[in-house]
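The values are calculated or read from the model by the stated rules, or taken from the named source; none is laboratory data. Note that the coordinates shown come from a computational prediction; the quantities given were computed from them, not determined experimentally. Heads up, the Cβs are rebuilt from the backbone with ideal geometry, glycines too, and the neighbour counts pull from every protein chain shown.
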Amino acid sequence: MKKIFPVFMVSFLVLGTIILWFFSSKAPMSVIETGQFAIIILLVGFAVYLGITRLRSVKRGEPAEDELSKRVLQKASSLAYYVSLYLWVAMIFVNDRTKIETEVLLGIGILGMAVIWVALVIFFKVKGLKDE
């Protein structure tokens, strides 16, 4: 139960901050900001999904995280680290060749790292681990 509460708390804090940012912004949102907003909403949705699956496991009397889910998260995070290194190399390349602001590129890079991790978690949950 200790691992479930922080997932929901952080998710709702991020969601509240994003909603506050959305309504306090006086200028119209650009296409990049709208995309970032949508991606953040999807990432918060994935975090809530993980929290709900952990809560269901605890209600059934199972541990919040079993060995398979821990291995899936570990394998996804290790592969996401290597893929995100290439993402940052691509971001440096884009920064040299375009006139996009550096702050926007940093935001895109951070969101890209999160999206890579979520995509790999979903991939390994669907495909499974080969050595199992």
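Return a yes/no flag: does segment 15-27 have any residue that is small (Gly, Ala, Ser) and under 17 Å from the mean Cα position of the chain (by Cα). Lay out the reasoning, then the answer.
To start, the set of residues in segment 15-27 that are small (Gly, Ala, Ser) comprises 16, 24-25, 27.
With under 17 Å from the mean Cα position of the chain (by Cα) added as a condition, the list becomes 16.
Yes.
SER57: surrounded by 12 or more Cβ atoms within 10 Å (Cβ to Cβ) and part of a helix (DSSP H, G or I), yes or no?
Yes; evaluated as a whole, the condition is true for this residue.
Please indicate, with yes or no, whether at least one residue in segment 37-50 is of a type outside the set (Lys, Arg), assigned to a helix (DSSP H, G or I) and over 19 Å from the mean Cα position of the chain (by Cα).
no
For residues that are part of a helix (DSSP H, G or I) and among the charged types (D, E, K, R), scanning just segment 65-90, find the one that is farthest from TRP117 (Cα to Cα). Before the answer, list the steps.
We begin by selecting, within segment 65-90, every residue part of a helix (DSSP H, G or I); these are 67-90.
The next check asks that each one be among the charged types (D, E, K, R); those that pass are 67, 70-71, 75.
Numbers: GLU67: 19, LYS70: 14, ARG71: 14, LYS75: 10 Å.
The qualifying residue farthest from TRP117 (Cα to Cα) is GLU67.
Would you please name the residue that is modelled with the highest pLDDT, looking only at residues in segment 23-41 that are exposed (fewer than 12 other Cβ atoms within 10 Å of the Cβ) and of a type outside the set (Val, Ile, Thr)?
Taking the candidates together, the pick is ALA38.
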